[in-house]
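K.L.:
Below is the structure I would like to discuss, written out as structure tokens.
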Amino acid sequence: MADQDLLDNDEPLLVAKSLSKSFGRIAACRDVSFSLYPGEVLAIVGESGSGKSTLLQLLSGQLAASAGHVSYRMRDGVARDLATLGEAERRFLFRTDWGFVHQDPAQGLRMAVSAGANVGERLMAVGWNHYGRIRDTASDWLTRVEIDTARIDDAPRTYSGGMRQRLQIARNLVTEPRLVFMDEPTGGLDVSVQARLLDLLRSLVAELHLAVIIVTHDLAVARLLSHRVMVMKGGRVIETGLTDQVLDDPREPYTQLLVSSILPP
Amino acid sequence: MTAMIDVTDAKKTFTMHLQGGIELPVVSGVTFHVDPGECVVLSGPSGAGKSSILKMIFGNYRCDSGRIGIRHRGAVIDLASAEPRQVLNVRRSTIGYVSQFLRAVPRVATIDVVAEPLIVNGIGRPDAQARAGELLHRLNIPERLWQLPPATFSGGEQQRVNIARGFISDLPILLLDEPTASLDAANRSVVVELVAEKKRQGVAMVAIVHDDEIRHLIADRIVDVTSFAAAA
């Protein structure tokens with residue numbers, strides 16, 4: 001992973017403190033704490049049901065925590081507790097400073113409107129109103145994610161899976177967010193399509209100095225994209241550290257199992 | 001203390017939980033230092049823990065105990081207890097690692113693979129590529145390959161790309177894990193020259209080299225790793 005402009009800034013962007021979430025008697029997420037710095041990519045790994053997607057929803061304010069809190073440093077430099085943000089403020093954050101890349105692009109895109117409108121919509125939401133500029137910017141972003149601009153007026157339902165995912169990324173990045181949440185962004189794609197997407201994500205993340213929290217069960221994705229990993233099991237973070245450290249020198253029995261379960265290509 | 005690397009009483013054990021929790025002692029009591037402009041070669045048979053020590057110095061393997069003192073931007077930082085962010089900063093501006101194998105990134109051209117460490121440290125792309133080209137030239141990678149990703153290159157070519165990437169930086173510490181392993185005589189001597197140039201620039205190096213001839217050519221001092229054999 002390129003460490004461009006990395007981590008000289010000493011103020012965290014997002015801080016989670018003792019986050020927990022229970023659904024009835026089931027504890028989906030237990031006592032999770034960490035800090036994320038600008039430009040830092042954190043991977044959350046673990047098997048299905050380990051609580052990683054719940055954690056992502058807690059961190060992005062889509063789900064209320066049973067205990068603990070998340071604070072985020074806004075563009076004005078003031079850290080705010082997400083639970084105290086009003087609904088309008090939270091939505092504004094989601095449209096501007098944050099991105100959310102879903103595993104299923106249909107969840108993050110409007111499938112029936114054109115690709116250009118999918119990207120342009122985010123710009124309009126932050127007050128852009130000049131049609132020509134919106135279209136130029138949308139077209140520029142399609143190029144950056146390697147979509148032929150001849151397809152700008154086509155709806156994503158006519159796109160392949162890999163193109164849809166790249167369009168979803170363009171839609172998220174067009175407002176220049178500082179933090180992007182990603183939930184299994186390469187899940188369900190062919191291996192060759194996956195490699196291209198990963199390579200694209202890797203260069204965009206470094207170029208735009210994005211902070212990313214990425215949930216994945218694929219350790220190769222974590223290795224390629226992230227600086228740091230948290231390994232989750234049964235709702236708890238059982239091991240955390242530099243990505244290469246955790247993957248090359250895993251300590252916990254479960255992490256050793258995960259690492260040793262990878263089939264060599 | 002002017003040493004660039006100062007390792008004191010470092011210890012490493014692997015606990016294999018999947019094999020019933022057996023403990024594999026790797027090394028203990030690892031103590032040595034490396035001064036600027038000096039190349040220390042670790043010697044010992046396979047399995048003695050040479051690569052593990054190199055990985056401990058790079059922060060890739062965690063230490064059970066002991067200290068890995070690294071001179072980083074004028075201050076000494078203990079990598080054995082540093083935060084992940086500090087380790088990343090040390091790797092960005094202080095320690096480079098040249099492994100035997102290139103971890104190829106799909107689709108990135110060879111010239112950019114080599115230039116990347118300079119670009120990350122703020123050097124402009126044209127300058128970085130010019131220096132990358134010079135090194136690739138010296139290491140006999142033909143110019144027609146420079147725009148191709150190295151993934152399809154032969155093992156020896158990939159290794160030379162990796163060496164170019166490792167030696168291009170201006171980092172004050174370099175760790176070399178068998179940099180000459182599968183090279184022919186001409187390219188081995190290029191690596192020997194590169195090491196000599198780094199010494200003149202005051203770079204501190206720790207190397208693992210199996211070839212006796214190369215070892216004599218680059219080593220200022222030899223540290224025998226068998227003396228750090230962990231008691232089983």
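The values are calculated or read from the model by the stated rules, or taken from the named source; none is laboratory data. This is a predicted model, so every value here is computed, not measured. Note that each Cβ is placed from the backbone with ideal geometry, even for glycine, and that neighbours are counted across all protein chains shown.
K.L.:
Where in region A:157-265 are there helices (runs of 4 or more DSSP H), lying fully within it, with 2 or more residues that are touching a helix residue (DSSP H, G or I) at 6+ places or on another chain (Cβ under 9 Å) and under 24 Å from A:CYS29 (Cα atoms)?
P.N.:
The helices (runs of 4 or more DSSP H) meeting that bar are A:219-225, A:243-248, A:253-260.
K.L.:
Determine whether region A:1-12 contains at least one residue that is surrounded by 17 or more Cβ atoms within 10 Å (Cβ to Cβ) and away from every other protein chain (no Cβ under 14 Å).
P.N.:
No, there is no match, as no residue in region A:1-12 is surrounded by 17 or more Cβ atoms within 10 Å (Cβ to Cβ) and away from every other protein chain (no Cβ under 14 Å).
K.L.:
I've got another one for you. Quick check: is even one residue across region B:179-193 touching a His at 6+ places or on another chain (Cβ under 8 Å), under 24 Å from B:ILE5 (Cα atoms) and buried (at least 16 other Cβ atoms within 10 Å of the Cβ)?
P.N.:
Start the filter on region B:179-193 by keeping residues that are touching a His at 6+ places or on another chain (Cβ under 8 Å), which leaves B:181.
Filter once more, keeping what is under 24 Å from B:ILE5 (Cα atoms): none.
No, because not a single residue in region B:179-193 is touching a His at 6+ places or on another chain (Cβ under 8 Å), under 24 Å from B:ILE5 (Cα atoms) and buried (at least 16 other Cβ atoms within 10 Å of the Cβ).
K.L.:
Anything in region B:64-85 that is within 13 Å of chain A (Cβ to nearest Cβ) and more than 18 Å from the chain's Cα centre (by Cα)? List them, or say none.
P.N.:
Within region B:64-85, B:ASP64, B:ARG73, B:SER81, B:ALA82, B:GLU83, B:PRO84, B:ARG85 meet the criteria.
K.L.:
Of everything in region B:164-201 that's over 16 Å from the mean Cα position of the chain (by Cα) and in a loop (DSSP other than H, G, I, E, B), which residue is nearest to B:LYS55 (Cα to Cα)?
P.N.:
Restricting to residues being over 16 Å from the mean Cα position of the chain (by Cα) and in a loop (DSSP other than H, G, I, E, B), the top hit is B:SER182.
K.L.:
Of everything in region A:198-214, what is within 19 Å of A:GLY161 (Cβ to Cβ) and surrounded by 20 or more Cβ atoms within 10 Å (Cβ to Cβ)? Give them in sequence order.
P.N.:
A:LEU198, A:LEU201, A:ILE214
K.L.:
Could you please tell me which pairs satisfy a Cβ distance under 6 Å, a separation of 6+ or placement on different chains, a first residue in region A:249-260 that is more than 7 Å from chain B (Cβ to nearest Cβ) and modelled with pLDDT under 90, and a second residue that is part of a loop (DSSP other than H, G, I, E, B) and surrounded by 20 or more Cβ atoms within 10 Å (Cβ to Cβ)?
P.N.:
none
K.L.:
Kindly provide the set of residues from region B:1-27 that are more than 14 Å from chain A (Cβ to nearest Cβ), in a strand (DSSP E or B) and surrounded by fewer than 17 Cβ atoms within 10 Å (Cβ to Cβ), ordered by number.
P.N.:
B:THR8, B:ASP9, B:PRO25
Conditions (1) part of a loop (DSSP other than H, G, I, E, B); (2) under 30 Å from A:SER260 (Cα atoms); (3) not small (Gly, Ala, Ser), marked per residue:
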residue	(1), (2), (3)
A:VAL32	no, yes, yes
A:SER50	yes, yes, no
A:ARG75	yes, no, yes
A:ALA83	no, no, no
A:PHE92	no, no, yes
A:ARG95	no, no, yes
A:GLN103	yes, yes, yes
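K.L.:
Given the conditions (1) under 26 Å from A:SER226 (Cα atoms); (2) more than 14 Å from chain A (Cβ to nearest Cβ), report the number of the one that B:GLY47 does not fulfil.
P.N.:
Of everything listed in (1) under 26 Å from A:SER226 (Cα atoms); (2) more than 14 Å from chain A (Cβ to nearest Cβ), B:GLY47 misses just condition (1).
K.L.:
Which residue out of B:VAL76, B:VAL113, B:VAL161, B:VAL108 is in a helix (DSSP H, G or I), in contact (Cβ under 8 Å) with a residue 24 or more places away in the chain and closer than 30 Å to A:THR240 by Cβ?
P.N.:
Testing whether each residue is in a helix (DSSP H, G or I), in contact (Cβ under 8 Å) with a residue 24 or more places away in the chain and closer than 30 Å to A:THR240 by Cβ leaves just B:VAL113.
K.L.:
With the condition kept exactly as written, say whether any residue in region A:171-179 is more than 9 Å from chain B (Cβ to nearest Cβ), of a type in the set (S, T, N, Q) and surrounded by fewer than 20 Cβ atoms within 10 Å (Cβ to Cβ). Spell out how you get there, then give the answer.
P.N.:
Applying the first criterion (more than 9 Å from chain B (Cβ to nearest Cβ)) to region A:171-179 yields A:171-179.
Then drop every residue that is not of a type in the set (S, T, N, Q), which leaves A:172, A:175.
This time we only want the ones that are surrounded by fewer than 20 Cβ atoms within 10 Å (Cβ to Cβ), so: A:175.
Within region A:171-179, one or more residues are more than 9 Å from chain B (Cβ to nearest Cβ), of a type in the set (S, T, N, Q) and surrounded by fewer than 20 Cβ atoms within 10 Å (Cβ to Cβ).
K.L.:
Kindly indicate whether any position in region A:148-163 is in contact with a Leu (Cβ under 9 Å, 6 or more places away or on another chain) and under 23 Å from A:GLY39 (Cα atoms).
P.N.:
No.
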